[in-house]
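Here the structure comes first, spelled out in C-alpha cells, and everything after it is commentary.
The values are calculated or read from the model by the stated rules, or taken from the named source; none is laboratory data. Please read these numbers as outputs of a predicted model, since none were measured by experiment. FYI the Cβ positions are ideal-geometry reconstructions off the backbone, even for glycines, and counts take in every protein chain you see.
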Amino acid sequence: MDRKAGSETAGDAFSPVEKVIIVGGGTSGWMCAAAIARIVPPSVSVTLVESEDIGTIGVGEATIPTLMEFNDFLGLKEDDVLRQSQGTFKLGIDFVDWLRKGESYFHPFGSYGRDTPEFAFHQLWLRLKVLSAKGQAPPDAAGTISDYNLCTIAALDDRFSPPQGGSDAILATMRHAYHIDSRLYSQVLRRYAEQKGVRRIEGMVISVEQDTEDGRIRSVTLRDDHVLEGDLFIDCSGFKSLLIEGAMESDFIDWSQYLPCDRALAVPTAGTGSPPPFTQATADAAGWRWRIPLQHRTGNGHVYSSAFMDRDTAHRNLIEGVEGEPLADCLPLRFRTGHRRAFWKKNCIAIGLAGGFIEPLESTSIHLAQMGVQRLVNLWPGRGLNVSEIAHYNRLMTADYERTRDFIVLHYNATERDDTAFWRYVRNMAIPDTLAAKLDMFRFSGRIVPSPEDLFTAHSWLAVMLGQGIEPKNYDALVDRVPADALIRNMRLLKNAIAKTAATLPSHQSYIDRHCSATAEHR
C-alpha cells in the first residue's frame with residue numbers, strides 16, 4: 001500500500017531515546033559505548049552489559065586505515081592507542097601463494113604514483129608497458145607497479161613513516177593502519193566510555209521481554225534476575241546474535257556460495273624479532289593463514305573451509321607454519337559469511353559480528369563494526385525512531401557488506417591455482433554480478449570506477465587485480481596525448497624519487513621505540 005509523504009507510522013510513534021542498553025562488550029560493544037557517549041547529552045543513559053565468562057574473539061587484530069578516523073572522532077591520540085594496545089603499524093598486506101604457489105604480491109594502503117584530473121596514474125604505467133613491448137621504450141622502462149608505491153617499498157624494507165608534507169610530496173602518499181591487541185584496545189575504549197558516564201554491568205542476558213503490540217524490546221533480564229529497561233537496544237553479542245536473531249528474528253543472508261571458508265583457528269606466538277610493518281596472508285590448501293606482528297607477540301591463524309579440510313589438518317598446517325613458540329592453545333572459531341537482512345529492526349540494532357561477518361582476509365571486521373556505529377551516530381534517534389531512517393540505515397549497511405564481499409571474493413576467484421579441490425571450486429564458482437562487471441571493465445580498458453562509498457580505493461582494487469593476474473587488454477586512449485619521451489622520462493624520475501625517499505625512512509622498530517613503545521604497565 002502506498003503511503004503519503006509525511007504520514008505517521010507505528011515507527012514514528014516511539015518516544016525519544018533516553019535509555020540505551022548495549023548487550024555485549026568486546027571491540028564492537030565498547031566502540032558503540034564510546035561513540036554514543038561522545039555525542040549524546042547527559043540526560044541519555046548508556047548501559048553496557050557483558051560477562052567475563054564470555055571471552056572476546058581476537059580475529060580482528062589487523063585493521064585498515066579507517067580506524068584512525070574513529071580514534072580521531074573520539075579524540076584519542078595515535079601514539080597513546082598503540083602504546084596501550086601493544087600496537088604496530090601496518091602499511092599493507094603481503095599475499096603469498098594466492099595467484100600461484102611460490103609467488104607473492106603486496107596490497108599497500110598508499111597510492112600508486114599520482115593520479116591526474118584526466119586519468120589514473122596506472123593508465124600511464126599501462127601505456128609505458130605497451131611502448132616497451134613495441135620496442136619504443138627500454139624493456140624495463142615501466143618496471144612493476146610496486147615501483148611506484150612508497151608503502152610497498154618501505155614495508156618490504158622494514159621501514160615506516162606517517163604521511164608528511166603537502167599533497168605533492170612523495171611522503172604524503174603514505175597511508176597506514178594498525179596491528180593491535182583487540183582485547184587491550186577494547187580496554188582503551190572502555191576507559192574512555194566510562195569516563196564519559198557509561199555504566200558497565202557484569203552479567204549475562206537470559207531473556208528478552210518485547211511489547212505485545214508492536215514487538216519492540218522493552219527490557220532484558222540478566223542471570224541474577226536484574227531487569228534492564230531501555231528505549232534502544234544494541235546487539236553486540238557476537239555470533240550469538242542474541243537480540244537481532246533470537247528476539248527480533250531478522251533472518252540471515254548467507255554468502256557461503258561465494259566465500260566457503262567457515263572455520264578458523266587462532267594462536268598467539270612469541271615474537272621472533274622486530275615486527276614487520278605489514279600483515280602476511282599465505283594461501284593454504286583450503287583457505288589461508290595469517291601472521292599479525294604486535295609489540296609483545298605475534299597473532300597467527302588459519303581460516304579454512306570445513307567442506308574441504310578437517311580441523312586436525314588445519315591445526316597441523318597452522319602450527320607448522322608459525323614462527324616462535326605458541327603462547328596458548330589454538331582457539332577454534334566457527335562462522336557464517338553474510339549479514340542480517342535487517343541490521344536495525346524496530347528498536348534493536350545489530351553491530352559487529354551480531355550483524356554479519358565477512359572473513360578476516362582484508363581485516364574488515366572492526367571496520368564493519370565501525371561503520372555500523374558511525375551510521376548510527378549520523379542517524380541518532382534523539383527525537384524517536386523513524387521507519388524511513390531505519391530503512392536508510394539498513395540500505396547503507398547492506399551496501400557496505402556487499403562491496404566488501406566483492407573485494408574479498410576477488411582474491412579467491414581470480415587465481416590460477418588448481419592444485420586442490422578448494423581452489424578449483426573458488427576458481428570456477430559463479431561470482432556476484434557487481435564484481436563481474438567491475439572485472440570486465442578492468443580487463444577491457446584498465447578502468448576502475450569505485451563507488452564514492454567504497455571502503456577500498458581504486459588503488460587497492462588495482463593492487464589485488466594485478467596481483468591476482470588480471471591484465472587489461474587496453475589502456476585509456478586519453479593517455480596517448482602524453483608525448484612518449486616525456487612519459488618515459490617522468491616515470492623514470494618518479495620511480496627513482498620513490499626509491500630514494502623510501503631509503504631515508506627510519507626502520508619500523510626504531511619509529512615504534514621513539515613514539516609508542518609499550519611500557520610494562522601495558523604488557
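Of all residues in the stretch 207-227, which are closer than 24 Å to Ala369 by Cα and of a type outside the set (D, E, K, R)? Selection gives Val208, Ile217, Ser219, Val220. Of all residues assigned to the stretch 88-109, at least one qualifies as being without any contact (Cβ under 8 Å) to a residue 60 or more places away in the chain, under 25 Å from the mean Cα position of the chain (by Cα) and in the same structural domain as Arg489 (by TED's automatic domain parsing). When Ser241, Ser207 are screened for being in contact (Cβ under 8 Å) with a residue 24 or more places away in the chain, more than 20 Å from Pro16 (Cβ to Cβ) and of a type in the set (S, T, N, Q), only Ser241 passes.
With respect to Ile366, determine if the residue is modelled with pLDDT under 95 and part of a helix (DSSP H, G or I). Judged against the criteria, Ile366 is a match. Considering each residue of the stretch 269-281 in turn, at least one proves to be touching a Pro at 6+ places or on another chain (Cβ under 7 Å), without any contact (Cβ under 8 Å) to a residue 60 or more places away in the chain, in a strand (DSSP E or B) and not assigned by TED's automatic domain parsing to the domain that holds Ala247. Across the stretch 331-346, the number of residues qualifying as more than 20 Å from the chain's Cα centre (by Cα), buried (at least 19 other Cβ atoms within 10 Å of the Cβ) and not aliphatic (A, V, I, L, M) comes to 3.
Look through the stretch 71-124, keep the residues that are outside any helix (DSSP H, G or I) and of a type in the set (Phe, Trp, Tyr), and return whichever of them is nearest to Thr415 (Cα to Cα). So the residue we want is Trp98.
Would you point out the residue of the stretch 164-176, among those that are of a type outside the set (D, E, K, R), touching a residue at least 40 places away in the same chain (Cβ under 8 Å) and surrounded by fewer than 23 Cβ atoms within 10 Å (Cβ to Cβ), that is nearest to Ala34 (Cα to Cα)? Before the answer, list the steps.
At the first step, the residues of the stretch 164-176 found to be of a type outside the set (D, E, K, R) are 164-167, 169-174, 176.
Okay, now just the ones that are also touching a residue at least 40 places away in the same chain (Cβ under 8 Å), so 170-171, 173-174, 176.
Remaining after also requiring surrounded by fewer than 23 Cβ atoms within 10 Å (Cβ to Cβ): 170-171.
Details: Ile170: 35, Leu171: 32 Å.
In this case the residue turns out to be Leu171.
Taking the conditions (1) farther than 20 Å from Gly355 by Cβ; (2) in contact (Cβ under 8 Å) with a residue 40 or more places away in the chain; (3) out of contact with any helix residue (DSSP H, G or I) (no Cβ under 8 Å at 6 or more places or on another chain); (4) among the basic types (Lys, Arg) in turn, Arg218 satisfies each one other than (2). Listed by position, the strands (runs of 3 or more DSSP E) enclosed by the stretch 151-242 that each have at least 1 residues that are among the charged types (D, E, K, R) are 199-202, 205-210, 217-222, 227-229, 232-235.
Go through the stretch 396-501 and tell me which helices (runs of 4 or more DSSP H), entirely inside it, have 2 or more residues that are in contact with a Phe, Trp or Tyr (Cβ under 7 Å, 6 or more places away or on another chain), modelled with pLDDT of 95 or more and more than 22 Å from Arg114 (Cβ to Cβ).
Numbers: elements: 421-428, 433-445, 458-467.
Filter on the stretch 396-501 gives 421-428.
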